[in-house]
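Student: What follows is a single structure, and I will ask about it in a moment.
The values are calculated or read from the model by the stated rules, or taken from the named source; none is laboratory data. Keep in mind that what you see is a predicted model, and the values were worked out from it rather than measured. Reconstructed Cβ throughout: ideal geometry from the backbone, glycine too, with neighbour counts over all protein chains shown. Ligands, DNA and RNA are stripped out before the accessible areas are found, and what is left, the full protein with its side chains, is counted by its heavy atoms. Shrake-Rupley method; radii C 1.70, N 1.55, O 1.52, S 1.80 Å.
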Amino acid sequence: MIKTIRYDSTYLSSQIVENCFIDNKSQLIDKILCGNGFTTAYLNIKPRKSNQVNLIVVPNLGVIRSKRISYLKDLNPDKLKIAFISGDPNTDTISFEKYDVIMIVADSMLYKIDVFKDNLNLIDRVMIDEVHSVIIQSSFRYNLVGLIELINDVFKSKAIVYVTATPMLFQNIDLKLIKNKIKQRDIFVSTNQEDTLERIKTDLRNDKKVILATQDARFLKHLTDENNVLTANVRTGDTMLLKIIENLTLEFDDFSNLTIISSASFEGVDIDNGIQNIYILEDRSTEYQTFYMQNIIQIIGRARKGTNRIEWCLQQNNTRIAMISKEDMLKVANSKKISHEKKFTSSNYKFIPKYFSKNLDESLGLITDIVFNETLYDLDAEKTDADLKGLSIYDEFLNDRGFTLIYTHSGAKRMRLKGSNHKTAFENVKKNTDVIRRFDLLQDVKPNLYPMGTVNEYLKVYETFLRRKYHYVDKLVWLMDSFEYASLSVGIVNELKVYDLLKNEKEIDKQVHIITKKQLAKKKLELDKRNDIYQQWELDYKKNIKDRYIRLFIALGQEKVKLPNKIRNSRNYNLLTEVSLSLIEQVALMFNKNTIEHDIISCNSRIIYAFCGLDLPDNFYGENKINKNSINKLLNTLSIDIPKLYGKSVDNYYNYKVQKLRGYNFNEKVITFLMSTFYNKKTDAIFNFCSAIEKRIIMQLKDEIKQATKRDMNLSTIRRHDSILMFDYHSEIFEVVNKYNYYGLNNWFAKTENPNKKIEKKLKNIELEQQQMEIEWTKEYLKTLK
């Protein structure tokens, strides 16, 4: 049963707000109306003890900035002392003696949670503001996942209130604050962008105040003057702001009749320069332009002095499909047929890593169980229902807030919005240098390394990278002569080498042909070409090698090599794992980079022995590692699932495997560990265990290398399964590698005394290899001419 408190005043009294707090209890408060003063009233409530503070947690930096500005404008000498705390080093610090109220961004609270745990006696009440925003943003700000549960646990002895004017439909409300008389307002729903644009223009011509909420900077080009200048009060995030200044010249005017907001300002921003006409542009065909109804109401709430007309120009997503039910998801999640690790990596269960988290055995690194994140599921379900069932799902939600949807029935019309070409965008950015300086835009620009469809797509995206990185020069860098770009960063030569390759698809195809021929020949030495495994591998290789080669070229062309992660349980299947080491070395050489690899010697067996406190014996795999494959296959079959699958005796199979381990001279302590720990687990348990320990070893070594080479900011250390790859070297590194210790043991990596000799030998081999492949390719090409 939802409780209610009714009131008549414009703003909530401190008494009403204080009554929402009950000791030893948490409550979700639906305050119904934006801007009715709940937070302001809370900030005026004194803690009940003189040595205590009230705590308020806000979802993002925008909220705290807005509240701080209002606080500083208030000249009342008797106001409570409030600390405003965020990740910014210039903000206040936590002090329970100096302040009456601590307002803190959720991320900072998580970082400082131990401080609050240690000082619980100094905290009176706890409020989490805009809790719906915490929930929505947890879908992409993963540190917010579980925040509510954490707060309930840490502050369980306190009076906790979660407050919002726009709860999600799936949230369970404890208390509603209902104003006896709510102003009734219409929201006009249009599907015609051209009509909406004309109404915005008419309002501005008639000197009306307009708030435009949009995620599409291209639309704003239609609101500029004859010189392509937009004069507006712009309250957006940096990403949207950059897109704006690439499309037009921006004149900031805090007093302009036109206010532009993006998702970064849908909350925590007060627009109080008069009664507003509000226009909301939403295009649900793209995820970044898709909103919740809660966002729509929050946007309307930015107009602190009221609204005149509200128009929501909505383009629906007609391709949305129904979600898998919770019951079906949980059935798969609870299945005992496959390991938890496989559930997180199999393409058949893509919903598992999206909606489930995992608990680990910290010692073995294995997943012990997986936990359904119902909130993330419910968020997507509400978004999906809005497309499949329609906006009627929000009837009660809107009615409570005094809103009625009025459909204009003006026909569906999505404008053909165009962005600026590179030349125009480059020129526009030049005209907005003051904006770039003011907001520190275009810092640390990186190339896009995610897979794309065609070479032309890679070229366009790479041109955007070059244009943004070198926005300050006189002309686009790829149009410069060598003497013109000589004074730019040391990386420009390699970057233009990448650009030249992307302009020459024939050269790419030539290189891919050479690479493929070599790799197929190598694979045929391992597998018969008639083998199903080989044929499947060949199909995959030919399908993907061109794309991988292009991305590798772009990646190694960077001054400091950085790659997107592709995490699967304990492994990172980044780009460097998708290509051979010889190809990495070959491409790196084209950019005058030397590839250095440090890989764990006899990785899995060494990890297993080390876990038992033992060093792996020398020559463990036999002469020329003759037993390596057999031992690895043996380790992958130490599971009770195998005899069960084939109807064999479990005990006999156990004894047989023990004898096989002894036959390969495994230490008895190691045999006992393997059979007692993994025999009753899934077949991939040993692999997953070794991968988890391998990750810890590699990450610890990366940290030690980083500490030893602090002076070199461009040194890259990238994990490639059980090894570290680097494209530069210092004497400090091989000393760290040679002395590396884990589980109290050394000898994890091959000893390196003079890496330069090894590098020189590798470079010579690569050069000879390239020359031979060029000769072979030329011969084949000449045949085609005949």
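Student: Any idea how far apart ASN19 and LEU417 come out in nm if each label point goes 7 Å out from Cα toward Cβ?
Tutor: Inter-label distance under the simple model: 4.6 nm.
Student: Using only Cα atoms and rounding to the nearest 10 degrees, what angle (0 to 90) does helix 650-663 make with the longest principal axis of the chain?
Tutor: 60
Student: Please report the carbon-and-sulfur percent of the accessible area for the range 1-109; probe 1.4 Å, protein heavy atoms only, DNA, RNA and ligands left out.
Tutor: For the range 1-109, the apolar C and S fraction of the accessible surface comes to 49 percent.
Student: Same structure again: Using +1 on the beta carbon of Lys and Arg, -1 on that of Asp and Glu, and nothing else charged, what's the dipole of the chain about the Cα centre, debye to 20?
Tutor: 1420
Student: Out of every Cα-Cα pair in the chain, what percent are more than 50 Å apart?
Tutor: In whole percent, the long-distance tail amounts to 30.
Student: Still on this structure, please answer the following. Got the relative contact order for the range 1-68 handy, in percent, Cα pairs under 8 Å and 6 or more residues apart?
Tutor: Result for the range 1-68 is 30 percent.
Student: Specify which residue in the list TYR355, LEU281, LEU242 is farthest towards the positive end of the charge dipole of the range 239-374, using unit charges on the beta carbon of Lys, Arg (+1) and Asp, Glu (-1), about the Cα centre.
Tutor: Highest projection toward the positive end goes to TYR355.
Student: Here is a further query. Please report, in debye to the nearest 20, how large the charge dipole of the range 1-159 is about its Cα centre when each Lys and Arg carries +1 at its beta carbon and each Asp and Glu carries -1 there.
Tutor: Charge dipole, the range 1-159, about its Cα centre: 220 debye, nearest 20.
Student: For the chain, what is the calculated [θ] at 222 nm in deg cm²/dmol (nearest 500), taking -39500 (n - 2.57) for each run of four or more DSSP H residues and dividing by its residue count?
Tutor: -13000 deg cm²/dmol
Student: Shifting gears a bit: Mind checking which of SER13, PRO643, LEU589 is farthest towards the positive end of the chain's charge dipole, using Cβ charges of +1 (Lys, Arg) and -1 (Asp, Glu) about the Cα centre?
Tutor: Among SER13, PRO643, LEU589, the one farthest towards the positive end of the dipole of the chain is PRO643.
Student: Based on alpha-carbon centroids, what's the gap between the range 326-366 and the range 478-547 in Å, whole number please?
Tutor: Measuring centre to centre over Cα atoms gives 36 Å.
Student: Find the relative contact order for the range 141-276 and round it to a whole percent, using C-alpha pairs within less than 8 Å whose residues are 6+ positions apart.
Tutor: Dividing the mean separation by the residue count of the range 141-276 yields 22 percent.
Student: Using the structure shown, list the pairs from LYS529/LYS657; LYS522/LYS546; LYS523/LYS628; LYS383/LYS413 with a Cα-Cα distance above 25 Å, or answer none.
Tutor: Beyond 25 Å between Cα atoms: LYS529/LYS657.
Student: With angles folded into 0 to 90 degrees, how steeply does helix 61-73 sit against the dominant principal axis of the chain? Use alpha carbons for both and round to 10.
Tutor: 40
Student: Right, something else. Which of the three applies to the range 324-481, rounded, prolate or oblate, going by the alpha-carbon gyration tensor with a ≥ b ≥ c and a/c under 1.5 meaning rounded?
Tutor: oblate
Student: Any idea what Rg and Dmax come out to for the range 563-661 if you just take the C-alpha atoms, in Å?
Tutor: 18.9, 59
Student: I'd like to check one number: the per residue accessible area of the range 587-685, probe 1.4 Å, reported in Å² as a whole number.
Tutor: Spelled out: the 1.4 Å probe surface of the range 587-685, per residue, equals 52 Å².
Student: Using the crude model of +1 on Lys and Arg Cβ and -1 on Asp and Glu Cβ, and no other charge, please compute the dipole size for the range 320-388 relative to its Cα centre, in debye to 20.
Tutor: Charge dipole of the range 320-388: 380 debye, to the nearest 20.
Student: Can you give me the % of accessible surface on the range 534-601 that is carbon or sulfur? Probe 1.4 Å, all protein chains present, nothing else counted.
Tutor: Carbon plus sulfur share of accessible area: 44 percent.
Student: Do any trypsin sites (Lys or Arg not before Pro) in the range 683-712 lie in a DSSP loop with no more than 10 other beta carbon atoms within 10 Å, and if so, which?
Tutor: Here the trypsin sites (Lys or Arg not before Pro) that fit, given the DSSP loop and packing criteria, are LYS710, ARG711.
Student: Computing the accessible area with a 1.4 Å probe over protein heavy atoms, can you report the carbon and sulfur percentage for the range 322-365?
Tutor: It is 52 percent, rounded to a whole number.
Student: Same structure again: List the chymotrypsin sites (Phe, Trp or Tyr not before Pro) in the range 158-234 that DSSP assigns to loop (not H, G, I, E or B) and whose Cβ has at most 14 other Cβ atoms within 10 Å. Which are they?
Tutor: Of the chymotrypsin sites (Phe, Trp or Tyr not before Pro), the ones in loops of the range 158-234 whose Cβ has at most 14 other Cβ atoms within 10 Å are PHE170.
Student: Please compute the per residue accessible area over the range 70-170 with all protein chains in place, 1.4 Å probe, rounded to a whole number of Å².
Tutor: Spelled out: the 1.4 Å probe surface of the range 70-170, per residue, equals 45 Å².
Student: Also, quick follow-up: Using only protein heavy atoms and a 1.4 Å probe, report how much of LEU745 is accessible, in Å² to the nearest 10.
Tutor: In the full protein context, LEU745 sits at about 30 Å².
Student: Also: With every protein chain kept in place and ligands, DNA and RNA left out, what is the accessible area per residue of the range 355-425? Probe 1.4 Å, answer in Å².
Tutor: Result: 53 Å² per residue.
Student: Work from the charge dipole of the chain (Cβ charges, +1 for Lys and Arg, -1 for Asp and Glu, about the Cα centre) and give the residue of ILE148, LEU258, ILE550 farthest towards its positive end.
Tutor: Working it through, the farthest residue towards the positive pole turns out to be ILE550.
Student: Find how many whole Å separate the alpha carbon centroid of the range 642-718 from the alpha carbon centroid of the range 200-264.
Tutor: 58
Student: Here is a follow-up. Mind checking the range 593-657 for chymotrypsin sites (Phe, Trp or Tyr not before Pro) that DSSP puts in a loop (not H, G, I, E or B) and that have at most 11 other Cβ atoms within 10 Å?
Tutor: Here the sparse-neighbourhood loop sites are TYR646.
Student: A follow-up question, please. Ranked from the most accessible area to the least, with a 1.4 Å probe and all protein chains present, what is the order of LEU725, LEU479?
Tutor: LEU479, LEU725
Student: Hey, what did the chain get for relative contact order, percent, Cα under 8 Å, at least 6 apart?
Tutor: Rounded, it is 10 percent for the chain.
Student: Now for a separate question. Considering only protein heavy atoms, what is the solvent-accessible area of ILE178 at a probe of 1.4 Å, reported in Å² to the nearest 10?
Tutor: 40
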